[in-house]
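Undergrad: Before I ask anything, here is the structure I am working with.
FYI, it's all coordinate maths here, none of it is from the lab. Bear in mind that the values here come from a model prediction, so they are computed numbers and not experimental data. Backbone-built Cβ (ideal geometry, glycine too); neighbour counts: all protein chains shown.
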DNA sequence: GCCAACGTTGGC
DNA sequence: GCCAACGTTGGC
């Protein structure tokens with residue numbers, strides 16, 4: 001099983017939005033970065049776990065756990081001319097963007113970015129690297145366990 | 001709203 | 001293929 005960290009802006013789609021979905025699942029669409037797309041398309045599989053991270057908000061940090069509930073498939077927003085994620089260069093036969101589906105597992109008391117930074121065992125986390133803006137990053141089993149320890 | 005650090009685009 | 005200009009991300 002692999003572990004991930006997935007960022008979302010709570011004012012766009014937060015953990016509570018996921019909880020209120022009918023099956024507590026949501027397509028992780030709208031990702032328009034090739035590296036993040038490749039992680040979803042090539043590396044994520046059903047059953048993988050991820051931390052749900054709130055970004056671009058007053059209190060950024062990890063706020064929940066999700067699992068991958070569907071392997072990657074073409075992101076439908078790329079074909080939707082009314083969507084802000086519409087991509088005129090993408091075609092049905094050659095889709096450019098993919099997304100997985102995530103399923104809610106658990107909400108946790110916010111582990112703030114400050115606290116994450118303050119834990120020396122987490123210094124290897126990709127999101128702490130200077131200038132890293134990737135919305136999806138892999139994390140190690142050790143990092144995963146260490147973060148889980150912080151919510152007890 | 002600012003700004004650093006990227007990624008993408010497009011002319012050449 | 002280079003690279004300047006532009007757009008985006010995301011913490012503060």
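Undergrad: Could you estimate the translational diffusion coefficient of chain A from the Stokes-Einstein equation, with Rh from the Kirkwood formula over C-alpha pairs, at 20 °C and 1.002 mPa s, in whole µm²/s? Don't skip to the answer; put the middle values down first.
TA: Details: Rh = 15.9 Å.
Answer, rounded: 135 µm²/s.
Undergrad: Using Cβ counts within 10 Å as a stand-in for footprinting exposure, how do A:9, A:67 rank, fewest first? Mind showing how you got there, number by number?
TA: Working: A:9 14, A:67 18.
Arranged by neighbour count, lowest to highest, A:9, A:67 become A:9, A:67.
Undergrad: Evaluate E = 1/(1 + (r/R0)^6) for residue A:59 and residue A:148, where r is the Cβ-Cβ distance and R0 equals 25 Å; express this FRET efficiency to the nearest 0.05. Could the numbers behind the result be given before it?
TA: Values: r = 20 Å, r/R0 = 0.79.
That pair, residue A:59 with residue A:148, gives E of 0.80.
Undergrad: I would also like to ask the following. Could you list A:79, A:39 in order of exposure, starting from the residue whose Cβ has the fewest other Cβ atoms within 10 Å? Display every interim value, and only then the final one.
TA: Numbers: A:79 17, A:39 23.
Going from sparsest to densest Cβ surroundings: A:79, A:39.
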